[in-house]
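Every number here is computed from the coordinates shown, using simple stated rules; none is lab data. All values reported here derive from a predicted model rather than from experimental measurement. With ideal geometry, Cβ positions are generated from the backbone for all residues, glycine too; neighbour counts draw on all protein chains shown.
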């Protein structure tokens, strides 16, 4: 049986290259109480994140808006290789009793990924967590510190990291997103 798990892990690890993974299932962090999606709408700039294979550029942001059919549109943008690249997705509240636990999909062919707002004050910063559990053997962590402006005070960033850690989320590999010179690029 150990040989099977070793083989499975060997096959799955390339899929999470550039990601942060840990043994065991995903943690179950506390999320924002009384979350209000209407206040969360608008543009959020990525300040820091756990490394991802799908975000390699600079000037990364996410814009949440309401479509005419009432669904939530999410447009992620980054500046990479001399161009602004964007992708559009859909966010849904997966449990009306916990509206801060959303799911986001950027394709009709992929399932919704978790997008949990652990904290937001709606006007300055937000802490977002996502986790992919692989057969309860290991999980892949995603975490973002977001701001309404391209920079946040160091104290706000440090407080965010403490909140992640208090929810058993390892952010020791978190990196800053380059938000310099972005208004000229876009």
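Among DSSP bridges having both ends in the range 102-186, what percentage is antiparallel? Round to the nearest 5.
Here the antiparallel bridges make up roughly 100 percent for the range 102-186.
Ranked highest first by average number of other Cβ atoms within 10 Å, how do 166-173, 98-105, 48-55 line up?
Ranked from most to least packed, the peptides come out as 98-105, 48-55, 166-173.
Using alpha-carbon pairs under 8 Å, 6+ residues apart, how would you state the relative contact order of the chain in percent?
27
Viscosity 1.306 mPa s, temperature 10 °C: Stokes-Einstein D of the range 127-186 from its Kirkwood Cα radius, in µm² per second?
119
Output the 0 to 90 degree angle, nearest 10, between the alpha-carbon long axis of helix 2-12 and the longest principal axis computed from the alpha carbons of the chain.
Result, in degrees: 30.
Quick one: helix 154-166 against the long Cα principal axis of the chain, what's the angle to the nearest 10°, folded into 0 to 90?
For helix 154-166, the angle is close to 30 degrees.
Per 10 Å bin, what percent of the C-alpha pairs of the range 79-185 does each bin hold, from zero upward?
12, 37, 39, 12, 0
What order do you get for 135-146, 110-121 when each peptide is scored by the mean count of other beta carbon atoms within 10 Å, highest first?
Descending packing order for the listed peptides: 135-146, 110-121.
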